[in-house]
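See structure below.
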Amino acid sequence: MSVFREMLAGDIENEFLDLDYFGEEHTVAGKPITCVVDEDIYRDSANGAEYGITGTGKVLYMRESDIQRQLEGTTLELDGCLYTVVSWRVDEGMSRVVITMPTSW
């Protein structure tokens, strides 16, 4: 592993997902994990127009190893609420998952 990737992995664990900084405990697909839930990035993209969706949306950031990747269009439970997976991207060991809860539910 390169020095940069080692530093990045350390930053993910020790800063981004640290409960004293940005990380929070949430239940995702019935499993308690530490992640970051961002609603602001969704709101800032004109209520999801950037993603071609309408409704209530969130972006989850979590370790790739914490949960198995799911396909777009499948259902993902977050803290007891069902959302639809809009996109699931993995980069450097982190998953970035865009989810939405249609307003028609």
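Details
- Answer residue from the stretch 18-37, given it is out of contact with any Phe, Trp or Tyr (no Cβ under 8 Å at 6 or more places or on another chain) and small (Gly, Ala, Ser) and is farthest from Leu76 (Cα to Cα) among those: Gly30
- Sub-7 Å Cβ pairs linking a first residue in the stretch 60-72 that is closer than 15 Å to Met94 by Cβ to a second residue that is assigned to a strand (DSSP E or B) and among the basic types (Lys, Arg), at least 6 apart or interchain, are Tyr61/Arg96; Ile67/Lys31, ordered by first then second residue.
Bear in mind these aren't lab numbers, they're just calculated from the coordinates by the rules spelled out. The structure presented is a predicted model; accordingly, all values stated were derived computationally and were not measured. All Cβ positions, glycine included, derive from the backbone under ideal geometry; neighbour counts span all protein chains shown.
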